[in-house]
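To keep things clear, I will list the structure first and then write my remarks on it.
The values are calculated or read from the model by the stated rules, or taken from the named source; none is laboratory data. Note that the coordinates shown come from a computational prediction; the quantities given were computed from them, not determined experimentally. Reconstructed Cβ throughout: ideal geometry from the backbone, glycine too, with neighbour counts over all protein chains shown. What goes into the accessible areas is simple: the full protein's heavy atoms, side chains included, and nothing from ligands, DNA or RNA. Shrake-Rupley method; radii C 1.70, N 1.55, O 1.52, S 1.80 Å.
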Amino acid sequence: MNKLLVFQTDFGLDDGAIAAMEGVAYCVDLSLNIRHLTHNIPPYNIFDASYRLNQAIGYWPEGTVFVSVVDPGVGSNRKSIVARTVTGQYIVTPDNGTITHIDRFVGIEEIREIEESTNRLKNSEHSYTFHGRDVYAYTGARLASGVISFEQVGRLLKPEEVIRLELYGCHRLPDGVEGQIDILDVRFGSLWTSIPYEDFKDCGFGFGDDIRVEIFHNGSKVYSNIINYGKSFADVAINDPVIYMNSSNHMAVAINQGSFARAYSIGVGTGWNITMTKK
């Protein structure tokens, strides 16, 4: 193991939760190298947690351990798991769908259930609401430091024993493609869709094309316009919209130096669909 431990949560940074998780990890091994993916996942949003893991994990070395805690079912009978990717990273997380995007776009080699009788912070067994500290940070630190092997995490699970979210994907249209608005490029308000670049390209679109973009919320059209397809934001004038391929190789829609989501009150997730078709 390379002693890299990466935390992701929906806890924010307004209290001591993250510091407590770090402290537990350092008590396991002071030489751990702890980093942070994000702690600004919207509360309880498992889909976002799954997406953000996939956005980052491929750029980290083999042996890196990710601890992802978005856990609306904390204290229930949901399982706690560690997944090993085909590229050799590890994800320590509740079994609630957090591994969905990694399973689809990277690949999961094995999944084990955390055996809490051995992989839980001492004297924490009467606490039911902070498994991020007591189970996930502790187990992640033990794994990242080499105190335990992956096999010592717990029993091997069958793929069908583990929860996965339903991903929307994309659908070909006679003159284009349709998908879901999965998530925002949060700070800038760009719409990141479920439409892969390859599917978009197969429609015959090329840089400089004007493309009809329509957005629907629960079947009702809320936006329609002709938007230019560019390599990046600077291909259009300030405050103009642009279609581009985002850093996750999916199609996105932005406003150059503006927020598309805020300008048009666009949301994300189930019920928010987008079509890109020939003008």
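Key figures for this structure:
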| item | result |
| --- | --- |
| Count of the stretch 254-267 residues which are buried (at least 20 other Cβ atoms within 10 Å of the Cβ) and outside any helix (DSSP H, G or I) | 3 |
| Flag if residue 183 is part of a loop (DSSP other than H, G, I, E, B) and open to solvent by less than 30 Å² (accessible area, probe 1.4 Å) | no |
| Qualifying residue in the stretch 270-279 (condition: among the aliphatic types (A, V, I, L, M), open to solvent by 70 Å² or more (accessible area, probe 1.4 Å) and either closer than 23 Å to residue 50 by Cβ or under 25 Å from the mean Cα position of the chain (by Cα) (or both)) | no |
| Which numbered condition residue 91 fails, given (1) aliphatic (A, V, I, L, M); (2) without any contact (Cβ under 8 Å) to a residue 40 or more places away in the chain; (3) part of a loop (DSSP other than H, G, I, E, B) | (3) |
| Scope the stretch 51-105; condition over 19 Å from residue 17 (Cα atoms), among the aliphatic types (A, V, I, L, M) and either at pLDDT below 95 or touching an Asp or Glu at 6+ places or on another chain (Cβ under 9 Å) (or both); matching residues | 81, 82, 83, 86 |
| Scope the stretch 134-158; condition touching a residue at least 24 places away in the same chain (Cβ under 8 Å), out of contact with any Leu (no Cβ under 7 Å at 6 or more places or on another chain) and not hydrophobic (A, V, I, L, M, F, W, C); matching residues | 136, 139, 142, 146, 151, 152, 154, 155 |
| Filtered residue count, the stretch 220-247, keeping only those that are in a loop (DSSP other than H, G, I, E, B), under 29 Å from residue 53 (Cβ atoms) and open to solvent by 60 Å² or more (accessible area, probe 1.4 Å) | 2 |
| Residues within the stretch 209-232 that are closer than 18 Å to residue 245 by Cα, touching a residue at least 24 places away in the same chain (Cβ under 8 Å) and not charged (D, E, K, R), tallied | 6 |
| Residues located in the stretch 159-175, provided they are of a type in the set (D, E, K, R), touching a residue at least 40 places away in the same chain (Cβ under 8 Å) and open to solvent by 80 Å² or more (accessible area, probe 1.4 Å) | 164 |
| Where a residue in the stretch 240-253 is on the phi > 0 side of the Ramachandran plot and its partner, wherever it lies, is at pLDDT 95 or above and not in a loop (DSSP other than H, G, I, E, B), with Cβ under 7 Å and at least six apart | 249/196; 249/197 |
| Members of the stretch 3-33 that are closer than 14 Å to residue 68 by Cβ and in a strand (DSSP E or B) | 5, 6, 7, 8, 9 |
| Failed condition for residue 129, given (1) open to solvent by less than 50 Å² (accessible area, probe 1.4 Å); (2) modelled with pLDDT under 95; (3) among the polar types (S, T, N, Q) | (1) |
| Filtered residues of the stretch 56-110 (kept if open to solvent by 10 Å² or more (accessible area, probe 1.4 Å), closer than 17 Å to residue 133 by Cα and in contact with a Ser or Thr (Cβ under 7 Å, 6 or more places away or on another chain)) | 74, 75 |
| Residue in the stretch 186-209 that is in a strand (DSSP E or B), in contact with a strand residue (DSSP E or B) (Cβ under 6 Å, 6 or more places away or on another chain) and open to solvent by 40 Å² or more (accessible area, probe 1.4 Å) present | no |
| Condition met for residue 44 (outside any helix (DSSP H, G or I) and within 14 Å of residue 93 (Cα to Cα)) | yes |
